[in-house]
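The values are calculated or read from the model by the stated rules, or taken from the named source; none is laboratory data. Predicted, not measured: the structure shown is a model, and the values here were computed from it. Glycine also receives a Cβ, built like all others from the backbone with ideal geometry; neighbour counts cover every protein chain displayed.
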């Protein structure tokens, strides 16, 4: 590549950082790539970091030490995070989404990349220092959301299945009680996780937490620690609570008298007033 | 926001473009955001486009006309695309991946964001002009890949399920013969797609194409056209071929005599020599 101007290096470095969140790039690798001095590249990175900081979305972090370098990670101001979640809540409160039986149609939201990626970034922000080795979800609806969180944290996604598959080799299987009280099965290939690792549990929805507890039980079988649990939507209030320490972005209230109603979770609103 | 320098504007515009592939931004919106003249921003965008072009990864396209503006789309040179696919093929040919029965373990690859996003970008590149309104996949394993392709094309993802769900409302259900000859069901909410739209079918694996044909049948019920069909991995040779016009990134050869073997698809290699 012929020698580039500062503005061009900045465009390329910005692209590399943004496309690979949580991935540490060394200044030496940039220096080699662009044929420029490390001090020059350090200035480039500082300019990008400063621009993102002013903009309030996304952050460029410099990591010191032998394994040092720079990486991009999701960041939203408390106001911006709340606004984004509020926007999605409003979409979900469209009366045309109410189905017979009082159910809420939201499958489309769960697989619309622009929405899912924004909400995933807001969740990922909370677990940047969790040292999670992977994200775990249970098939099917939460997969895009869990995948997007894993992408932001720069870790792999593991998908627990309802049954074990021949093409996944020997597996660990557990049984758990679902929200509806029925006994369900959950399976994960043995080779998917190693003892001592940390899992971040991500799913689209939590009601009484039966499935979440199932995932915790599964992780116990692997001797894997739980780094956290986060959901896009949470039933409110929860009559039964099988797990604790979980967070969610929105709450869903429903009763036999009123239609389902979605709003941003309280903690998002509280943090906002503190900022 | 206080007035930014060119380098800072370039960092922010690069981030916006890269985080929202196929999303058209008008120069007016940039002009308003940065408080700078459209001619200045036009120069910024030209600098970014030029830098990405030199780098060979990703492209910034200027769209003329009333709905004009600029957008980012995936791009790899033929060599780079081949190299990336070859890298994944080599990972898959690790003998430790061979399971009892000659199956290949690759669930981990299907949900590792860095790999999935790169392969999805290579596929999305082929369908930039397909005018697909959405990506369709069948649960479960191909969801992250299909989601990543949808993200690159800036369209939603639709996930067909094995059974219809109460929380998805009324649905269209079809039956199809799977590769193993068993009769399976496929379901999609009625409100998920509109007549006249175009679907891009994406899945992780194609063998004889039974599931792919099922998705085509399902789309016919919705009066939706097929804009294309693409897979990460394809059985080679295919004994039966229920569909045509599909592409895949890698081929999988297996027989009772030899272990499974994965290699980049022929078209990726051919295109390379032509470039």
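Given (1) more than 9 Å from chain A (Cβ to nearest Cβ); (2) more than 30 Å from residue B:189 (Cα to Cα); (3) out of contact with any helix residue (DSSP H, G or I) (no Cβ under 7 Å at 6 or more places or on another chain), where does residue B:91 come up short, assuming only one miss?
(3)
Hey, could you check the range A:163-175 for residues that are under 22 Å from residue B:116 (Cα atoms) and assigned to a loop (DSSP other than H, G, I, E, B) and say which is farthest from the other protein chains (Cβ to nearest Cβ)?
A:165
Give just the number: which of (1) under 24 Å from residue A:139 (Cβ atoms); (2) under 14 Å from the mean Cα position of the chain (by Cα); (3) surrounded by fewer than 21 Cβ atoms within 10 Å (Cβ to Cβ) does residue B:120 not satisfy?
Only one criterion is unmet by residue B:120, namely (3).
Pick out the one residue from B:187, B:164 that is out of contact with any helix residue (DSSP H, G or I) (no Cβ under 9 Å at 6 or more places or on another chain) and closer than 20 Å to residue A:139 by Cα.
B:164 is the lone residue from the list that is out of contact with any helix residue (DSSP H, G or I) (no Cβ under 9 Å at 6 or more places or on another chain) and closer than 20 Å to residue A:139 by Cα.
Among the candidates B:178, B:182, B:130, B:121, single out the residue that is without any contact (Cβ under 8 Å) to a residue 12 or more places away in the chain and farther than 19 Å from residue A:204 by Cβ.
Numbers: B:178 fails: without any contact (Cβ under 8 Å) to a residue 12 or more places away in the chain; B:130 fails: without any contact (Cβ under 8 Å) to a residue 12 or more places away in the chain; B:121 fails: without any contact (Cβ under 8 Å) to a residue 12 or more places away in the chain.
Matching residue, one of B:178, B:182, B:130, B:121: B:182.
So which residues in the range B:20-44 are part of a helix (DSSP H, G or I), farther than 16 Å from residue A:51 by Cα and at the interface with chain A (Cβ under 9 Å from one of its Cβ atoms), if there are any at all?
Across the range B:20-44, there are no qualifying residues.
Identify, from the list A:61, A:48, A:57, the residue that is touching a strand residue (DSSP E or B) at 6+ places or on another chain (Cβ under 8 Å), under 19 Å from residue B:13 (Cβ atoms) and surrounded by fewer than 20 Cβ atoms within 10 Å (Cβ to Cβ).
None of the other options fit; the residue is A:57.
Just checking: which of the strands (runs of 3 or more DSSP E) contained wholly in the range B:176-271 hold 3 or more residues that are modelled with pLDDT under 95?
none
Would it be correct to say that residue A:148 is touching a helix residue (DSSP H, G or I) at 6+ places or on another chain (Cβ under 6 Å) and free of Cβ contacts under 8 Å to residues at least 60 places away in the same chain?
Considered against the rule, which asks whether it is touching a helix residue (DSSP H, G or I) at 6+ places or on another chain (Cβ under 6 Å) and free of Cβ contacts under 8 Å to residues at least 60 places away in the same chain, residue A:148 comes out as yes.
If the requirement is being more than 8 Å from chain B (Cβ to nearest Cβ), within 30 Å of residue A:25 (Cβ to Cβ) and in contact (Cβ under 8 Å) with a residue 40 or more places away in the chain, which of these qualifies: A:193, A:160?
Exactly one of A:193, A:160 is more than 8 Å from chain B (Cβ to nearest Cβ), within 30 Å of residue A:25 (Cβ to Cβ) and in contact (Cβ under 8 Å) with a residue 40 or more places away in the chain, namely A:193.
Quick check on the range A:217-230. Is at least one of its residues touching a helix residue (DSSP H, G or I) at 6+ places or on another chain (Cβ under 6 Å), assigned by TED's automatic domain parsing to the domain that holds residue A:168 and more than 22 Å from residue A:175 (Cβ to Cβ)?
Looking through the range A:217-230, at least one residue is touching a helix residue (DSSP H, G or I) at 6+ places or on another chain (Cβ under 6 Å), assigned by TED's automatic domain parsing to the domain that holds residue A:168 and more than 22 Å from residue A:175 (Cβ to Cβ).
Hey, does the range A:45-55 have a residue that's assigned by TED's automatic domain parsing to the domain that holds residue A:260, in a helix (DSSP H, G or I) and in contact with a helix residue (DSSP H, G or I) (Cβ under 9 Å, 6 or more places away or on another chain)?
Filtering the range A:45-55 for residues assigned by TED's automatic domain parsing to the domain that holds residue A:260 gives none.
Checked the range A:45-55: no residue is assigned by TED's automatic domain parsing to the domain that holds residue A:260, in a helix (DSSP H, G or I) and in contact with a helix residue (DSSP H, G or I) (Cβ under 9 Å, 6 or more places away or on another chain).
Any idea how many residues of the range A:163-175 are at pLDDT below 95 and surrounded by 13 or more Cβ atoms within 10 Å (Cβ to Cβ)?
Matching residues across the range A:163-175 total 5.
Identify all residues within the range A:56-103 that are assigned to a strand (DSSP E or B) and in contact (Cβ under 8 Å) with a residue 40 or more places away in the chain; write none if there are none. Give the derivation first.
Here is the first cut: in the range A:56-103, the residues assigned to a strand (DSSP E or B) are A:57-63, A:69-76, A:98.
If the condition is that a residue be assigned to a strand (DSSP E or B) and in contact (Cβ under 8 Å) with a residue 40 or more places away in the chain, then A:58, A:60, A:69, A:70, A:71, A:72, A:73, A:74, A:75, A:76, A:98 are the ones that fit.
For residue B:206, all conditions in the list (1) crowded, with 23+ Cβ neighbours inside 10 Å; (2) in contact (Cβ under 8 Å) with a residue 60 or more places away in the chain; (3) away from chain A (no Cβ under 14 Å); (4) in contact with a helix residue (DSSP H, G or I) (Cβ under 9 Å, 6 or more places away or on another chain) hold save one; what is the number of the exception?
(2)
Farther than 30 Å from residue A:70 by Cβ, under 23 Å from the mean Cα position of the chain (by Cα) and not assigned by TED's automatic domain parsing to the domain that holds residue A:24 - does that describe any residue in the range A:167-176? Steps first, please.
Here is the first cut: in the range A:167-176, the residues farther than 30 Å from residue A:70 by Cβ are A:167-176.
Next, from what is left, pick out any that are under 23 Å from the mean Cα position of the chain (by Cα): none.
Within the range A:167-176 (the criterion being farther than 30 Å from residue A:70 by Cβ, under 23 Å from the mean Cα position of the chain (by Cα) and not assigned by TED's automatic domain parsing to the domain that holds residue A:24), the answer is no, since none of the residues qualifies.
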